[in-house]
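Only one structure is covered here, and it is reproduced in the block below.
The values are calculated or read from the model by the stated rules, or taken from the named source; none is laboratory data. Keep in mind the model is a prediction, meaning the values are calculated, not measured. Positions of Cβ are backbone-derived with ideal geometry, glycine not excepted, and every protein chain shown enters the neighbour counts.
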């Protein structure tokens with residue numbers, strides 16, 4: 001458990017750096033946008049290409065993949081139904097970001113160290129990363145692009161509708177890595193070196209941008225998004241892992257180590273790149289930021305309890 005908490009402390013320290021540099025006016029809102037854009041268009045595609053290209057495909061396509069996918073889908077349904085009943089009819093873009101906050105797991109910068117030290121194998125994160133960056137993220141971005149086109153009065157052709165998921169740099173990087181892996185192609189070290197270096201920028205850039213936002217924007221938990229925040233956070237840290245536990249234990253009868261993995265993965269907080277996406281489309285930015293912040297704190301006792309009990 002000490003190693004799991006160490007992962008949280010590392011992330012908190014980098015976010016604190018962003019807060020401090022914003023507090024002393026070393027970086028401002030323009031720098032935050034620059035960091036977010038850099039992470040979105042350059043660093044994250046390189047990182048995901050590298051991770052997916054080197055992942056074990058036999059680990060990717062397994063029962064844990066099915067359980068994780070069903071838990072995400074059911075969690076999304078819970079959010080959409082509850083949001084409709086409690087918050088009323090909302091706009092498409094807002095519902096997309098809200099759903100991502102409720103079920104999109106931080107499998108990268110927090111999930112990888114948690115997998116290494118709690119589960120003993122970082123490749124446990126590969127199945128959920130495949131679902132998220134290969135299916136959820138391109139679908140969400142296609143819907144956000146569609147909402148933006150409607151808002152601006154633009155019409156998109158059917159060709160553009162179909163191609164929207166593949167016009168996103170993060171999706172392109174992920175699919176390219178999957179193709180390289182599936183075809184058993186290898187790249188020389190001279191090619192991997194710059195890819196790894198650029199990919200290494202993604203997580204720090206996202207976290208520093210997040211810290212800048214915490215200093216320059218209103219404090220977490222304040223604003224018109226509070227009711228929606230009170231909905232998405234419990235779904236992410238309680239309902240989502242509970243669904244994974246029920247499916248893994250009583251439907252798929254997973255082995256104890258597999259069950260522990262799917263529950264811990266589902267209990268991880270909202271991913272930082274949801275803030276990146278919301279900033280890119282200027283939709284529910286404060287909701288994404290606060291959902292990440294609060295779910296990260298709330299997930300600590302849940303993951304500690306789950307890993308202690310299920311182990």
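In table form, for the structure just shown:
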quantity	calculated
Restricting region 220-232 to residues that are within 22 Å of the chain's Cα centre (by Cα) and closer than 21 Å to residue 36 by Cβ, the residue that is surrounded by the fewest Cβ atoms within 10 Å (Cβ to Cβ)	220
Evaluation of residue 107 against (1) assigned to a helix (DSSP H, G or I); (2) at pLDDT 70 or above; (3) under 17 Å from the mean Cα position of the chain (by Cα) (one fails), failing number	(1)
Sole residue being touching a residue at least 40 places away in the same chain (Cβ under 8 Å) and either surrounded by 16 or more Cβ atoms within 10 Å (Cβ to Cβ) or touching a strand residue (DSSP E or B) at 6+ places or on another chain (Cβ under 8 Å) (or both), chosen from 55, 76	55
Residue that is outside any helix (DSSP H, G or I) and surrounded by fewer than 24 Cβ atoms within 10 Å (Cβ to Cβ), where the choices are 286, 259, 254, 245	254
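Yes/no matrix, rows are residues, columns are (1) in a helix (DSSP H, G or I); (2) surrounded by fewer than 22 Cβ atoms within 10 Å (Cβ to Cβ):
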{"site": "26", "(1), (2)": "no, yes"}
{"site": "32", "(1), (2)": "yes, no"}
{"site": "38", "(1), (2)": "yes, yes"}
{"site": "41", "(1), (2)": "yes, yes"}
{"site": "47", "(1), (2)": "yes, no"}
{"site": "51", "(1), (2)": "yes, no"}
{"site": "69", "(1), (2)": "yes, yes"}
{"site": "72", "(1), (2)": "yes, no"}
{"site": "89", "(1), (2)": "no, yes"}
